[in-house]
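Trainee: Here it is, the structure, as structure tokens.
The values are calculated or read from the model by the stated rules, or taken from the named source; none is laboratory data. Worth saying up front: this structure is predicted, and the values here are computed from it rather than measured. With ideal geometry, Cβ positions are generated from the backbone for all residues, glycine too; neighbour counts draw on all protein chains shown. Side chains are part of the model used for accessible areas, which takes the heavy atoms of the whole protein and leaves out ligands, DNA and RNA. Shrake-Rupley method; radii C 1.70, N 1.55, O 1.52, S 1.80 Å.
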Amino acid sequence: MAETGAVFGGEHSGHFYFRDFWYADSGCSRRCTCWLRSASKEAPLSEILAGYGRYVATGELNSEVEDQAAATERVRAEFASRPGITADGLDGLTITGDGWWFNLRPSNTEPLLRLNWRRPTEDTMLRLRDEVLGIVRG
């Protein structure tokens, strides 16, 4: 964010960072934004937020593994060889397919691999999620 001057940044783990808050996570800023949005609408916050859900998401799925790098490499090797798949190692491992993607990254504080998955519909995501977790948890 500092390099590009981004106004806002976020992580799947629920951390949201604001340029005007010294690039720090601010729960207070998030709450105030939600309150302002809901105060200007004649609808419950749940209805307001429903319009923002573009993808089916797994949420963060944690797997305890002894060797995070080896488990990540097994997943990369399995998926990167498939047609139409791209692999990126910028923040852990992100695998992108036709209309879906997942990110697998090690925790910085625990012996865990964290899997986050997004897909417009649930059908393929569930099958592939289970495949990835099977590889990771071996």
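Trainee: Quick check for you: with a 1.4 Å probe and neighbouring chains kept, what is the accessible area per residue of the chain, in Å²? Please report the intermediate quantities before stating the final value.
Mentor: Details: 9010 Å² over 138 residues.
Counting only protein heavy atoms, the per-residue value for the chain is 65 Å².
Trainee: Which residue, 24, 90, 103, has the largest displacement toward the positive end of the dipole of the chain when charges sit on each Cβ (Lys, Arg +1; Asp, Glu -1)?
Mentor: Going by the charge dipole, the pick is 24.
Trainee: Continuing with the same structure: Roll a 1.4 angstrom probe over the protein heavy atoms and tell me the percent of accessible area of the chain that is carbon or sulfur. Present the calculation step by step, with values, prior to reporting the outcome.
Mentor: Numbers: 4740 of 9010 Å².
Using a 1.4 Å probe with all protein chains present, the chain comes out at 53 percent carbon and sulfur.
Trainee: Based on DSSP H assignment, which helices of the chain show an axial Cα extent of at least 30 Å together with a mean Kyte-Doolittle hydropathy greater than or equal to -0.5?
Mentor: Details: long enough: none.
Within the chain not a single helix satisfies the rule.
Trainee: Put a dot 7 Å past each Cα toward the Cβ at residue 36 and residue 6; how far apart are the dots in nm?
Mentor: Going by the 7 Å Cα→Cβ label model, 2.0 nm.
Trainee: Using just the helices of the chain, give the 222 nm mean residue ellipticity in deg cm²/dmol: DSSP H runs with n ≥ 4 each add -39,500 (n - 2.57), and the total is spread over all residues, rounded to 500. Let's see the in-between values first.
Mentor: Working: 4 runs with 47 residues, N = 138.
Dividing the helical sum by the residues of the chain leaves -10500 deg cm²/dmol.
Trainee: Looking at [x] 14.0, 40; [y] 17.5, 51; [z] 16.8, 52, which value of Rg and Dmax of the Cα atoms in Å comes from a calculation on the structure shown?
Mentor: [y]
Trainee: About its Cα centre, how strong a charge dipole does the chain have in debye, to the nearest 20, once Lys and Arg get +1 and Asp and Glu get -1 at the Cβ?
Mentor: Values: 16 positive and 20 negative charges, 78 e Å.
In total the dipole reaches around 380 debye.
Trainee: If I take every Cα pair under 8 Å that is 6 or more residues apart in the chain, average their sequence separation and divide by the length, what percent do I get for the relative contact order? Don't jump to the answer; show the numbers that get you there.
Mentor: Working: 178 pairs, mean separation 27.6, N = 138.
Taking the mean separation of contacting Cα pairs over the length of the chain, I get 20 percent.
Trainee: Still on this structure, please answer the following. By how many nm would the segment from residue 122 to residue 109 lengthen if fully extended, with 0.36 nm per residue of separation less the alpha-carbon distance? Write out the running numbers ahead of the final one.
Mentor: Working: separation 13, 0.36 × 13 = 4.68 nm, distance 3.07 nm.
Once the chain is fully extended between residue 122 and residue 109, it gains 1.6 nm.
Trainee: Additional query: Rounded to the nearest 0.05, what FRET efficiency do residue 66 and residue 16 give with R0 = 22 Å and r taken as the Cβ-Cβ distance? Could you check? Write out the running numbers ahead of the final one.
Mentor: On the way: r = 32 Å, r/R0 = 1.46.
For residue 66 and residue 16, the calculated efficiency is 0.10.
Trainee: Can I ask one more? Quick check: pseudo-label points 7 Å beyond the Cα along Cα→Cβ at residue 48 and residue 28, how many nm apart are they?
Mentor: Each label point lies 7 Å from its Cα, and together they span 2.0 nm.
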